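This report concerns only the one structure given below.
We did not get these values from a lab; they are worked out from the coordinates using the rules stated. Predicted model only: the values in this text are computed from it and were never measured. Cβ coordinates were reconstructed from backbone atoms using ideal geometry, including for glycine residues, and neighbour counts include every protein chain displayed.
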């Protein structure tokens, strides 16, 4: 095909409306946020000028709370995505062998995903309320001590991660189940003829063939988890101490409590860069893996 | 035939008339067509006002709509409206913590011309409430709405319980009595937790607004302060004592989960009879004393000024955004003067409202219904305020973080107080 031929032009013509919309709804806010991050814009001074260069980034980098929240966000994202992937894969594989009432199982599994994170957080906050919540009531009825789920600095982080995994796993299940259903049957039949056991088939056929779908699921979830805001906002407000202060919450505090939209935008920009790097690195790794003989 | 010039003039006049009508002729004529919209904190005070809205609409023809949400979300919802070209909310409920930043940002209408034009009598308003909500001298931007000074709410039935009295005397050699100092209070809270089998204190130690408000009472009670004539004096032995006692009470006197608890949690706990005391807003007593809402403790709760003589003072006010039409401003002012007038204020007080007018505190019907109003008046009069300035909300976050870090043992009391004091200095210098 000629490089700038008729098909090329038609292709761009069809893509142009969509690309224009994307530019307006995504490109403009993104560019505006980047400009805001290098500006003097606050809620008390709602103008972009004078531009301040990298000052806002320097302020953040000098703040130990920023680094704490960054490290915590990385820990949190890795933990939750790992949990969601392992549990999600297990459920997806189990669902594959289900013959009867499969749609019912899928419907049940989809329920947490269909709920808004705010509702999920509010429900769990009530369930985990240390004095009146059902979780401690159950523990007590089993003769176990009550736990301070959201008020203990160590436990709060794990509690929040568990609630997140509970909600987000269903998304991973759906993606992986779709990927599993699309795998070619003949490969398995050939492996069975060759005497390959179930574990062998899982680790050496299913997992490698599922890799592209799994990668997409992991990347999407990593992005979601890095942006997590709703759960810590409702469950803990970042506390106790800074035990659950993720980066998005830190950015919110800067922008709306500190009235510094510029510093909030700079913090959000860091988040964007990290997500971009992770996404590119992940797909590069995937690409390299798929080329390996 | 009409000449072209006069036809042109007629057209221009008609266009000008329509334009004038569209931009809104000032005053009364259009106020009754306005629907007032306010974002309100979901607390009993709002419900009390809400019940009176039909009466206002009947009298003026102005509809009023309240959106009720939790306090922590209010600031986030209001700010985007106030920075926009036209605010959806044309009547504002303003917390005293925002009374520094909102006028500084130029978001509020100066109410002085409205007060002068309408002749609204400001005399009965408690001066400390007016000052609390108006830290600047260039105008009056917020009219006091209700008071939320904080005091000590405690269970009188437990204080009178013979077994507990005997145990207390045996342990301390003293009679069981309302605490005179902050240390006495924390000791009493710990005693009640150990002996009465319930939390000694229902504490709201969640990071941010809850713990910074609660701690302020401990600070003032221990003789500490944030500011002295504009100078930061938080870094003091009194503040360290206050924080040490605050942490001691969280760990050994309060309910489990105090570090993640908010006002609602403490209210539920106290209402269920699962706590001996709470340092809270004095108007909470009217809610807890309600036999229908809190049958377990109604009639068994008393109120006192914080040990040491001073608690946290606070309050809400009414404001009018700058970025709304004149007709909306006029309607909002009509509502504010009506709801804060003497008649409506007394009606609200009889329903549990925390007044900001001295004539309501002295009203015979109100005093007859709430005999504790004399103590409430002392709570209000003795209250000291959290620093009100442009960055109060941010400072609350800084202080709340340090308090929470100290309570979890992630930082020391010394470091927490020093960092909190430095944070205040930096923000005040900004």
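Counting other Cβ atoms within 10 Å as a rough exposure proxy, the listed residues B:426, B:300 run B:426, B:300 from fewest neighbours to most. Distance between the 7 Å Cα→Cβ label points at residue A:94 and residue B:156: 5.8 nm. Based on the alpha-carbon gyration tensor of the range B:250-388 and its eigenvalue square roots a ≥ b ≥ c, which shape applies: rounded if a/c is under 1.5, prolate if not and a/b is larger than b/c, or oblate? Because a/c hits 1.5 or more and a/b exceeds b/c, the range B:250-388 counts as prolate.
Classify chain A from the C-alpha gyration tensor, please: rounded if a/c falls under 1.5, else prolate or oblate depending on whether a/b exceeds b/c. In terms of gyration-tensor shape, oblate. When all alpha carbon pairs of chain B are counted in 20 Å bins from zero, the resulting P(r) reads 25, 52, 18, 4, 1, 0 %.
Antiparallel beta bridges, as assigned by DSSP with both residues in the protein assembly as shown, represent about 60 percent of the total such bridges. The distance between label points at residue A:65 and residue B:171 comes to 3.7 nm (points 7 Å beyond Cα on the Cα→Cβ vector).
So, in Å, what gap is there between the alpha-carbon centers of the range A:163-209 and the range B:282-312? Distance between centres, Cα-based: 61 Å. Each label was represented as a point 7 Å from its Cα along the Cα-to-Cβ direction; for residue A:86 and residue A:193 these points are 3.7 nm apart. Where only DSSP H runs of four or more residues are counted, the protein assembly as shown gives -18500 deg cm²/dmol as its mean residue ellipticity at 222 nm, each run worth -39500 (n - 2.57). Per residue, the average separation of C-alpha pairs within less than 8 Å and at least 6 apart gives chain A a relative contact order of 27 percent. Working from the Cα coordinates of the range B:139-212, the gyration tensor eigenvalues give, after taking √(5λ), semi-axes of 33, 14, 11 Å in decreasing order.
Can you tell me how the range A:198-242 classifies by the Cα gyration tensor, rounded, prolate or oblate, using a/c under 1.5 as the rounded cut? In terms of gyration-tensor shape, prolate. Normalised by 2.2 N^0.38 Å, where N is the number of residues, the C-alpha radius of gyration of the protein assembly as shown stands at 1.13. Of the residues A:260, B:128, A:170, B:358, the one with the fewest other Cβ atoms within 10 Å heads the list, and the complete ranking is B:358, B:128, A:170, A:260. Gain on full extension, evaluated as 0.36 nm per residue between residue B:86 and residue B:55 minus their Cα-Cα distance, stands at 8.4 nm. The angle between the Cα long axis of helix B:71-83 and the longest principal axis of the Cα atoms of chain B comes to about 30 degrees, rounded to the nearest 10. The mean sequence separation of alpha-carbon pairs under 8 Å and at least six residues apart, normalised by the residue count of the range B:255-328, gives a relative contact order of 20 percent. DSSP finds beta bridges in chain B, and of those with both partners inside it, around 60 percent are antiparallel. Panel order for A:209, A:26, A:36, by other beta carbons found within 10 Å of each beta carbon, from fewest to most: A:26, A:209, A:36.
Each part reduced to its alpha carbon centroid, the range A:1-46 and the range A:77-112 end up 37 Å apart. Across the range A:153-242, the relative contact order, built from alpha-carbon pairs under 8 Å that are at least six residues apart, equals 49 percent. What do you get for the angle between helix B:373-382 and the principal long axis of chain B? Use alpha-carbon atoms, 0 to 90 degrees, nearest ten. The answer is roughly 80 degrees. Working from Cα positions, state the angle (0 to 90°, nearest 10) between the long axis of helix B:326-339 and the longest principal axis of chain B. Approximately 40 degrees, to the nearest 10. Average 1/r across all pairs of distinct alpha carbons in the range A:43-133, invert it, and you get the Kirkwood radius: 18.2 Å. The simple Förster model, with R0 at 51 Å and r as the Cβ-Cβ distance, assigns residue B:342 and residue A:101 a FRET efficiency of 0.15. Of all the options A:201, A:100, A:146, the one that moves most in a Gaussian network model of chain A with Cα springs shorter than 10 angstrom is A:100.
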